[in-house]
Amino acid sequence: MHSTVTKQTGFVALMIVQIVFLVLYWVFVRYGKEASPIDKNPQDAGLNEQHESKYPHFQDIQVMIFVGFGFLMTFLRKYGYSATGYTLFLASLVIQWSVLMKGFLKMEDGKIDLSLENIIDADIAAAVPLISMGALLGRTTPIQLLFMALFEIALFAVNEYVALDILSICDVGGSITVHAFGAYFGLAVSLMLRPTKDQNDAGKYEGPTYTSDMFAMVGTLFLWIYWPSFNSVLADGTGQERAILNTYLSLAAATVTTFVLSALVSHENKLDMVHVQNSTLAGGVAVGSVCNLLIGAHGAVLIGIIAGTISVMGYRFITPFLTQKLRLHDTCGVHNLHGMPAVISAIASAIFVTMVTREEYKSDFGAIFPAMLNETEISANNMTENDATIHIMGGYDRTASAQAGYQLFGIAMTILVAIVGGILAGLVLKYTGFRKLQKEEQHQDELYWEVPAERKDE
Amino acid sequence: MHSTVTKQTGFVALMIVQIVFLVLYWVFVRYGKEASPIDKNPQDAGLNEQHESKYPHFQDIQVMIFVGFGFLMTFLRKYGYSATGYTLFLASLVIQWSVLMKGFLKMEDGKIDLSLENIIDADIAAAVPLISMGALLGRTTPIQLLFMALFEIALFAVNEYVALDILSICDVGGSITVHAFGAYFGLAVSLMLRPTKDQNDAGKYEGPTYTSDMFAMVGTLFLWIYWPSFNSVLADGTGQERAILNTYLSLAAATVTTFVLSALVSHENKLDMVHVQNSTLAGGVAVGSVCNLLIGAHGAVLIGIIAGTISVMGYRFITPFLTQKLRLHDTCGVHNLHGMPAVISAIASAIFVTMVTREEYKSDFGAIFPAMLNETEISANNMTENDATIHIMGGYDRTASAQAGYQLFGIAMTILVAIVGGILAGLVLKYTGFRKLQKEEQHQDELYWEVPAERKDE
Amino acid sequence: MHSTVTKQTGFVALMIVQIVFLVLYWVFVRYGKEASPIDKNPQDAGLNEQHESKYPHFQDIQVMIFVGFGFLMTFLRKYGYSATGYTLFLASLVIQWSVLMKGFLKMEDGKIDLSLENIIDADIAAAVPLISMGALLGRTTPIQLLFMALFEIALFAVNEYVALDILSICDVGGSITVHAFGAYFGLAVSLMLRPTKDQNDAGKYEGPTYTSDMFAMVGTLFLWIYWPSFNSVLADGTGQERAILNTYLSLAAATVTTFVLSALVSHENKLDMVHVQNSTLAGGVAVGSVCNLLIGAHGAVLIGIIAGTISVMGYRFITPFLTQKLRLHDTCGVHNLHGMPAVISAIASAIFVTMVTREEYKSDFGAIFPAMLNETEISANNMTENDATIHIMGGYDRTASAQAGYQLFGIAMTILVAIVGGILAGLVLKYTGFRKLQKEEQHQDELYWEVPAERKDE
């Protein structure tokens, strides 16, 4: 009886959140220029086309968030409704919230201008709590998950704003601001929710069936396929095509490496679906921060090989260690798919950035490294730009090695903020009134879902 | 023996239909301007690019029709081959037919000009009988379904032509002409095919398995993801970006609302997969007729909340009522996903249209409300347009409240035509030579499909 | 013990291949013009946009390769990990290799210029060994498959270069160079690996379950949906829109035909999932070589009807014959989906090409039939073209009937090269040190994959 009351309260609270969002949209959000009727004016006409051209990228990312993440997490034998359902529920809630949060940080005259850009950003932001959800999969209630996500998005938006807009670090594919943040936040929450010593063994339902593993491959493959869109959507000019090419090659190399190492390190040299479902994607994370740089095709392949290696080794050796020694459970192994590859990406970005010159990057220099422009350049740049485009910030005349330093500071700060935030969130989830799952309630849909009774005739 | 003969006759008749289509294409269809070789001419060159830009939208809609509808209907435990297979069969037949039917209504010199536009329209038209199929799922033979679809498409094309081209109502996302039509037509057929009182209980196989529910989520998620493409494909200018933004927000709000209400109204406050699979999408339907209007982001969120609410309540209370009292079965609950949300969309369109002014809509005014232009404007518009673009019809100098009245007339007419058409179709399916399914033959693939025998070793 | 050693050696060898690729990329590959930073220059600016416009096509093809092929092959009851996993593994390996191989054949100053075009080509090339894999499905080790693929890609690249760049045949959708090559190569390998007479019966696991057939439909539907992108990605100008329209209509007609014939030729007139999963796609293959020509909408429908017919008849009568008489096993029936429809496409291309005139094709004439231009035209063409675009080869002043002859020569050469290559590959796989599968090891994942033990509580 008690639990039913708590469930109701949690869901009612979420409805109130939805209604608060409605009010905030009413007060603060208006259509941006691209979505507002215009006087016939040939100069403005081009604007919309430019915007529209990112629509296919946006739709690819939609597939990654809803089908990719959703199905990737269906590998547990009795948690498929939750994996796909909570992904849909959580993403629907946080995309609305992230448009607001990111809008508040950037609004100028008290209004948020809504355009395709905002919902692309919202979809990317949705990846953050979904990554954290991967770490916690099956060990929280949906109510815990959703309130965690609301807090996480707010913190993410602030950290991203500092990293990209103030510190001006390069992170076009979001490896630092999205993947590292989501992974370490989730791991910190998981550490807070760690079981007692006598309950540290794997849950009764913490494994796949043949069919649930097949569903997970739907997620893996769509994430793999569309990752170049995720990494390139915020890149412009020739950097966008580099982002596509580098991500594609890095994924391919990581995949080959993953299969080979999976066979070599596993029992009887058999391939392990956990590696195939996850480590193949590490190449997309590890190349994220540098994919629009001049890393060369071989640079992309090398990063892919390293990412695949680290990720498989992580699943084979580090995850069991963390589980046993720290009682830090990581259901989907996000540390191996998102955490470590993101750190590699940040280190790679520091290395490649030290080699940056104006001569090599030509017209892309200012767009990719605005902080390395000097003041004269930045004002010249802004002057020639159309009023409608966002003014480039930067112009700090930063050297290449200073920029490299900022890259490293960026990842350090992000991990720190994520861990501190995750600890706070974990404490709230643990010590306040949230209903918690008992060991035997974990990794199964039944507590929160109507599940069909299996019948003899099947 | 008898049944085999009937089966053969039905399939042979469909082959004859396909051959008749071949002849009709031979006689009536030619490549449109965009698909025809051109003399090198810089002015025409732009034409093709403009057209090509809708190709990604088209592909998104293809996924909705074939994967979205197909898998959404796989939730029944023994009807997955039929759900995906008949979707593919039916859609392949009716897309060919709809190019012809819609072409006949608009052709000028005895020829149908084929271009990307026609196949976008054909895919949208395919949604109509697929919605009706949802109402009837498992209770007809494929032969009944396909002949119903051929008739339905013809009627749909005429009704749509009257609604959009003659009455000039606003319905960019097709909520009125597609969703309401498909739903009420299907419900009318279902009423005609209603069981006798002693056979009114649920069929033996009329429920999901865990796995079949997971497959249905594939359909749900792809429909959810690509719905902004469906609603925006026929919008132009800044209205296209509004259609994307509003559909996205309405879906998100409907989804949050659906999850909350599903938990609140269900047994033991458990989430119900029927709601998650269907009501989350009601936001896309309910915003369809108004998504390119200046409804504001909050307008989209509000419509989503209302749609999610109505849809879950419909599943919980209205569908059981209709089944028990009227013996009106609606296997997928299309009344809750398509029917009622479409009515909401029509009402919303009437409300928002009363507030339309030339000042607010600026350059979009004529494109969205051609009937509200006066004759001077319409001829000025048509004069400045390139010859290649379709001349805007309209110019009736309609007032905003008159337009609102037309919106309401449009939905009323559509529902009436759909119900009358559905009753006629139902009478034919019931009282002519079509083989009908017995109660115990319903909701299972076996009668029309080779199904693998289940074996002990699985 | 012995088998474990061999497994290790095979996987280590593949890691070495990956490292060799890294070195080759380091030495030979650089970013092409579209991915290289530019000096601000308005003339160059358009270049990138033009390229970007094929990105949505590319992503559609990615889905076809990884999800389409991967899931289409999951129909076997115990081979789903292998179907999706080896598709991912194999494609990741060969896309890297195909960029190199195709680049070597075309490089001018010792460097391969990498751009979006190269990875589109790489994805298309990946289809070739995946088609061959379909013929062999379940009867090779992954190591055999991957080394076969490396050899096959090299041979494919040479054959394609001869067919398209030297012989200048028309094959925009790759029916001849991709589908016929992949199918006949795979069938030749399969013939070499044919079982002894006493082992010629179907394998113990060589059939579907209800669930595995549903997963296969995921593959079928995504292949169906995106086939217009596959066939049109290399077309330009108005030919691209024709390629889309013709492929769409041919698929639709093939699908209707497939369902009808499947019911008519099968036991008890029941639909057969094998036909639905495969023959519905034959329309895409059969229209491939001619889809950008002026075949008319009726031409596309007619080709679809023929393709569906041939393909269903092939599954019903030819495949059993080949299996019983020649012991030529073809697990997925690629002869019916890719082989015969590709031959039909080649014949259709010869027929339609005889009717080609400059007057009809206007501006598309030179782009589609460069060999039919005379020398004056070709140099005029190349002179007016921007430096950045590839110079059109051709200018042989070929007549229409000569071009038709080249089309037939192209398919004959391709089949011959594929069969000879397949025989060689088969001999190597059979008589060298590769581990082979025993009859009872076939069509199941267990030998190479960790498979979850099924439990009582499911």
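Partner shielding of A:442-451 amounts to 4, given as the average count of beta-carbon atoms from other chains within 10 Å of each residue beta-carbon. Ordering C:316-323, C:154-161, A:431-438 by mean Cβ neighbour count within 10 Å, with the highest value first, yields C:154-161, C:316-323, A:431-438. For the peptides C:179-189, B:76-86, the ranking by packing is C:179-189, B:76-86, with the highest mean count of neighbouring Cβ atoms within 10 Å listed first. Neighbours of B:Met107, meaning other residues whose beta-carbon lies under 11 angstrom from its beta-carbon, give a summed charge of +1 when Lys and Arg score +1 and Asp and Glu score -1. When the Cα centres of segment C:213-238 and segment B:267-281 are compared, how far apart do they sit, in Å? Taking the Cα centre of each part, segment C:213-238 and segment B:267-281 sit 33 Å apart. Put a plus charge on the Cβ of each Lys and Arg, a minus charge on the Cβ of each Asp and Glu, and nothing anywhere else: the dipole of the protein assembly as shown about its Cα centre is then about 4400 debye.
Neighbour counting of Cβ atoms within 10 Å sorts the residues C:Met393, B:Met372, fewest neighbours leading, into C:Met393, B:Met372. Here the dipole of chain C is about 1620 debye; that uses its Cα centre as origin and unit charges on the Cβ of Lys and Arg (positive) and Asp and Glu (negative).
Mean per-residue shielding of peptide A:8-18 is 4, counting Cβ atoms of other chains within 10 Å of each Cβ.
As a proxy for reagent exposure, B:Trp227, B:Trp26 were ordered by neighbouring Cβ count within 10 angstrom, fewest first; the result is B:Trp26, B:Trp227.
Give me the percent of Cα-Cα pairs in segment A:405-458 that sit more than 16 Å apart, rounded to a whole number.
68 percent
Three principal axis extents describe the C-alpha atoms of the protein assembly as shown; from largest down they are 76, 70, 70 Å.
Adding -39500 (n - 2.57) for every DSSP H run of four residues or longer, then dividing by how many residues the protein assembly as shown holds, sets the calculated 222 nm ellipticity at -20000 deg cm²/dmol.
Calculate the dipole size of segment B:230-361 relative to its Cα centre from +1 charges on Lys and Arg beta carbons and -1 charges on Asp and Glu beta carbons; express the result in debye to the nearest 20.
Dipole of segment B:230-361, to the nearest 20 debye: 380 debye.
Placing unit charges on each Cβ (+1 for Lys and Arg, -1 for Asp and Glu) gives the protein assembly as shown a dipole about its Cα centre, and among A:Gly339, C:Met214, B:Asn200 the Cα reaching farthest toward its positive end belongs to B:Asn200.
In this structure, the pairs whose alpha-carbon distance is over 32 Å, taken from A:Lys102/A:Lys197; A:Lys78/B:Lys78; A:Lys270/C:Lys204; A:Lys54/C:Lys102; A:Lys54/C:Lys33; A:Lys7/A:Lys102, are A:Lys102/A:Lys197.
Counting every pair of alpha carbons in segment B:157-252, the share spaced more than 21 Å apart comes to 57 percent. Neighbouring Cβ atoms from other chains, within 10 Å of the Cβ of residues in A:23-33, number 4 on average.
The calculated P(r) of chain A, using every Cα pair and 20 Å bins from 0, goes 25, 57, 18, 1 in percent. Which one, B:Pro129, C:Phe28, B:Gly237, projects farthest toward the positive side of the charge dipole computed for the protein assembly as shown from Cβ point charges (K/R +1, D/E -1)? Value: B:Pro129. With neighbours defined as other Cβ atoms within 10 Å of a residue's Cβ, the residues C:Thr74, C:Thr258 order from fewest to most as C:Thr74, C:Thr258. When the Cα centres of segment B:409-442 and segment A:64-104 are compared, how far apart do they sit, in Å? Here the answer is 39 Å between Cα centres. Selection among B:Phe147, A:Leu328, B:Met64 by position relative to the dipole of the protein assembly as shown gives A:Leu328 as farthest towards the positive end (Cβ unit charges, Cα centre).
No value in this document is a laboratory result; all are computed from the given coordinates. Since the structure is predicted, the reported quantities are computational estimates derived from the model, not experimental observations. FYI the Cβ positions are ideal-geometry reconstructions off the backbone, even for glycines, and counts take in every protein chain you see.
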